[in-house]
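Heads up: the structure comes next, in structure tokens.
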Amino acid sequence: MTLTVLFAASDANWAEYAAPLRTAIADAGLTATLTREAAPGTVDYIIYAPSSPLQDFAPYTRCKAVLSLWAGVERIVGNASLTQPLCRMVDPALTEGMVEWVVGHSLRHHLRMDRYIVNPDHVWDPTCPPLARERPVAMLGMGELGTACARALKALNFPVTGWSRTPKAIDGIPCLHGEEGLDQALSSAQIVVTLLPRTPETENTLNARTLSLLPKGAVILNPGRGALIDDDALLAALDAGQVSHATLDVFRVEPLPQDHPFWSHPRVTVTPHIAADTRPSSACRVIAENIRRGEAGEALLNRVDRARGY
Ligand code: NDP
Ligand code: OXD
């Protein structure tokens, strides 16, 4: 049987994904027409990115799953017309990229690299930074990405505490949950990494109250979603020295508007939502495996729980 797979994403996505998707679908033993246009009633699977104008999923009556190219699904999860199973992206290469971004930016601040990279007055300050073992990290979000980043930082000896919605047991990484757990994780964290999904519950996880719990001079790394942080509270904490630096990859509005104070703040580093990209060669294999599973009647990978929102 020939399946119809609708690719609902931008022209740029199509240019990157069409060839590796065809290869991955064939390698999974499937016969499919991969297309950017099809009569809704004929479509078996939808591959979706928020760059697509597709908003009304109701006419796709035969569609067995919507497969997101993005890990974060906040722009589609609440769509009332979407009743088909929704799967988010878990791509090993995306995870690898996130680990590199988080470890790189953690080490930048831990080793105070900026002091030596930009030193116009040639200051000779032989103060050595502490060892990683003396620099506690709080990892907010212990899912696919948070757990991989926590393990990588732990391998460098950072004492990492994880925080998630539900309790977890991970070797060598104490894990907390709930509001009290958050307060405890933050109370000793010199580096805080936010890798939570955007949901109504996670909005403003870092706010004036929670930022005030941090030891003075803590660093924030946010590769999760902009809405996890109250922007004004963060700016106030930076100005007060409560937070010494924030490295932000994601924002409430993207691209970050030119007049946003983050651009010019001396202790904010803006990276343009590049912490971790889905890589077509590996992501297409994940998509093809899910189509294979759908056809074989097996459980789909990475199903989103609509009620939870992620
Ligand atoms: P997962 O769904 O695997 O993990 C999410 C984690 O957040 C889980 O540990 C979950 O807890 C926790 N969580 C969710 N809600 C709450 C809550 N209310 N309180 C406490 N913890 C909560 O997601 P990923 O790790 O794959 O991705 C995380 C996010 O990273 C994505 O949603 C996306 O927004 C962002 N991202 C950013 C990219 C970038 O380039 N900047 C690239 C890719 C993703 P529990 O384990 O108990 O369910
Ligand atoms: C994603 C992202 O969610 O790039 O995949 O942020």
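Would you confirm whether or not segment 90-105 contains a residue that is within 12 Å of ligand 1 (Cβ to nearest atom) and part of a loop (DSSP other than H, G, I, E, B)? Yes, some residue in segment 90-105 is within 12 Å of ligand 1 (Cβ to nearest atom) and part of a loop (DSSP other than H, G, I, E, B). Does Glu144 satisfy being more than 16 Å from ligand 2 (Cβ to nearest atom), among the acidic types (Asp, Glu) and either assigned by TED's automatic domain parsing to the domain that holds Met113 or touching a residue at least 60 places away in the same chain (Cβ under 8 Å) (or both)? Judged against the criteria, Glu144 is not a match.
Filtering segment 253-276 to residues that are farther than 18 Å from Asp114 by Cα and either within 16 Å of ligand 2 (Cβ to nearest atom) or open to solvent by 80 Å² or more (accessible area, probe 1.4 Å) (or both) leaves Val253, Glu254, Pro255, Leu256, Gln258, Asp259, Pro272, His273, Ile274, Ala275, Ala276. Right, Ala150: of a type in the set (Gly, Ala, Ser), in contact with a Gly (Cβ under 6 Å, 6 or more places away or on another chain) and in a helix (DSSP H, G or I) or not? Yes; evaluated as a whole, the condition is true for this residue.
Of the residues Pro255, Pro272, Pro223, Pro280, the single one that is closer than 30 Å to Thr2 by Cα and within 16 Å of ligand 1 (Cβ to nearest atom) is Pro280. State all residues of segment 28-86 that are outside any loop (DSSP other than H, G, I, E, B), under 27 Å from Val250 (Cβ atoms) and either within 16 Å of ligand 1 (Cβ to nearest atom) or open to solvent by 30 Å² or more (accessible area, probe 1.4 Å) (or both); if no residue qualifies, say none. Within segment 28-86, Tyr48, Leu67, Ser68, Leu86 qualify. May I ask you to verify whether Thr210 is open to solvent by less than 20 Å² (accessible area, probe 1.4 Å), in contact with a strand residue (DSSP E or B) (Cβ under 8 Å, 6 or more places away or on another chain) and polar (S, T, N, Q)? The answer is no for Thr210. For Ala18, the test of being open to solvent by less than 30 Å² (accessible area, probe 1.4 Å), away from ligand 2 (no atom under 16 Å from the Cβ) and in contact with a Gly (Cβ under 6 Å, 6 or more places away or on another chain) is failed.
Condition check ((1) in contact (Cβ under 8 Å) with a residue 24 or more places away in the chain; (2) open to solvent by 30 Å² or more (accessible area, probe 1.4 Å)) across all residues:
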residue	(1), (2)
Leu153	yes, no
Leu156	yes, yes
Pro159	yes, yes
Trp163	yes, yes
Lys168	yes, yes
Asp171	no, yes
Glu179	no, yes
Ala189	yes, no
Leu195	yes, no
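The residue that is nearest to Ala65 (Cα to Cα), counting only those in segment 275-310 that are without any contact (Cβ under 8 Å) to a residue 40 or more places away in the chain and under 20 Å from the mean Cα position of the chain (by Cα), is Asp305.
The values are calculated or read from the model by the stated rules, or taken from the named source; none is laboratory data. Everything quoted here is computed from the prediction, not taken from an experiment. Counting neighbours? That spans all protein chains shown, and the Cβs are built from the backbone with ideal geometry, glycine included. What goes into the accessible areas is simple: the full protein's heavy atoms, side chains included, and nothing from ligands, DNA or RNA. Shrake-Rupley method; radii C 1.70, N 1.55, O 1.52, S 1.80 Å.
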